[in-house]
Amino acid sequence: MARVGVVGLNYWGPNLVRNFDDLAELAWVCDLDEERLATLAARYPQARASTSIDELLADETVDAVVVATPVPTHYALAKQALEAGKHVFVEKPPAMRAAEMDELVRIAADRDRVLMPGHLLLYHPGVEKLKALVDSGELGEVLCVYGNRQNLGIVRTNENALWSLGVHDLSVILYLLDEDPETATAQGRDFLTPGVEDVVFCYLRFPSGKIAHMHLSWLDPHKMRKLTVVGREKMAVFDDMELERKVTVYEKSPWKRAETYGEWQTRSGDIYIPKISTAEPLRLECTFFLELVDGKHDRAKVARDGARVVRALEMLTESLGR
Ligand SMILES: NC(=O)c1ccc[n+]([C@@H]2O[C@H](COP(=O)([O-])OP(=O)(O)OC[C@H]3O[C@@H](n4cnc5c(N)ncnc54)[C@H](O)[C@@H]3O)[C@@H](O)[C@H]2O)c1
């Protein structure tokens, strides 16, 4: 059983601690904040506790490190852990610049270690279903994908809507289309906190001609967590706010009747709701990481896919800045 240390124990870290305690051997918990550390250490007395990642990395019996600290710290901590020979699960995104991410990917490859970004949605059974619909050709040629991730608050003051919300949709869009965008532009406004965009619209265009869009916002009357995939034959919607119909497939498409003069008509058929597993995405994500550590799956691809997300984020960030 892998021995795992978790670094960063405030809001998200305890969820990872809970899962790795169930699925692996929780060997260490670590946070700079002594109070948070003491709270978690009391809950998991079998794990050793430290305010310094150095202590955890010096423990040769530790196989893997999980990083759930603020985004600007990810790159340095992940690099340190990889250089110490540990497998690394790092919350999204693992780096804020493409060059830094490429460096992490290289170090992981050189040392044959796992570098897995925590793109939780990729392990969501609903997203798995969307991917199956795209890859099986059931939707026909995919034309465009768009994501809505909106609600009123939580207004963050240190991360804009692109970095906080957009990274989720971006990881799914790139996973579904399996291409790097040739164009990625973003426009937004910082209505509440100067310099921190709370409303962002993104447009991506891919070499195949497919296009994607994301509406990301903390200023909205609706809480939306939705991705729509438009194919030539069918269309599919993944709606994470729904309990029982996470994915809906619409047999709707544009259609040209042979006997007309080439005008487009629309075809509307059945609407169906495929069965989606209710397994907890975080549990599936943690299990996948442990399987990677175990030598299953393609660990190089997981790291490369993470780099693709950071590259696109960088393009969008540069555009937003302009
Ligand atoms: N996948 C998801 O759905 C999801 C959801 C929420 C947060 N996250 C990610 O999880 C990460 C943590 O988010 P959060 O909201 O818990 O952040 P947070 O700022 O509330 O907590 C981060 C913790 O890390 C600790 N820390 C900072 N630097 C450290 C260091 N060098 N060594 C040890 N501890 C250190 C801080 O003391 C703090 O307790 C972020 O990257 C965030 O993007 C992911």
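No lab work stands behind these numbers, since they all come straight from the coordinates. Keep in mind that this is a model prediction, so the values were computed, not measured. So basically every Cβ, Gly included, is an ideal-geometry build from the backbone, and we count neighbours across all protein chains shown.
Sub-7 Å Cβ pairs linking a first residue in segment 41-53 that is without any contact (Cβ under 8 Å) to a residue 40 or more places away in the chain to a second residue that is within 14 Å of the ligand (Cβ to nearest atom) and in a loop (DSSP other than H, G, I, E, B), at least 6 apart or interchain, are Thr51/Asp31; Thr51/Leu32, ordered by first then second residue.
Would you confirm whether any residue within segment 82-91 is in a helix (DSSP H, G or I) and either within 21 Å of Asp298 (Cβ to Cβ) or free of Cβ contacts under 8 Å to residues at least 60 places away in the same chain (or both)? Yes, some residue in segment 82-91 is in a helix (DSSP H, G or I) and either within 21 Å of Asp298 (Cβ to Cβ) or free of Cβ contacts under 8 Å to residues at least 60 places away in the same chain (or both).
The residues of segment 30-48 that are in contact with a strand residue (DSSP E or B) (Cβ under 6 Å, 6 or more places away or on another chain) and either under 11 Å from Leu9 (Cα atoms) or within 9 Å of the ligand (Cβ to nearest atom) (or both), listed by number, are Cys30, Leu37, Leu40, Ala41. Taking first residues from segment 98-112 that are over 9 Å from Val310 (Cβ atoms) and partners that are surrounded by fewer than 18 Cβ atoms within 10 Å (Cβ to Cβ) and basic (Lys, Arg), the Cβ contacts under 7 Å between residues at least 6 apart in sequence or on separate chains come to Val105/Arg304.
Taking the residues in segment 226-265 that are among the aromatic types (Phe, Trp, Tyr) and closer than 23 Å to Ser277 by Cβ as candidates, determine which candidate is surrounded by the most Cβ atoms within 10 Å (Cβ to Cβ).
Just the residues of segment 226-265 that are among the aromatic types (Phe, Trp, Tyr), to begin with: 238, 250, 255, 261, 264.
Checking which are closer than 23 Å to Ser277 by Cβ leaves us with 238, 250.
Details: Phe238: 26, Tyr250: 18.
The selected residue is Phe238.
Taking the conditions exactly as written (crowded, with 16+ Cβ neighbours inside 10 Å and more than 8 Å from the ligand (Cβ to nearest atom)), does Val62 satisfy them or not? For Val62, the condition - crowded, with 16+ Cβ neighbours inside 10 Å and more than 8 Å from the ligand (Cβ to nearest atom) - is met. Of all residues in segment 184-223, those being surrounded by fewer than 17 Cβ atoms within 10 Å (Cβ to Cβ) and touching a residue at least 40 places away in the same chain (Cβ under 8 Å) number 7.
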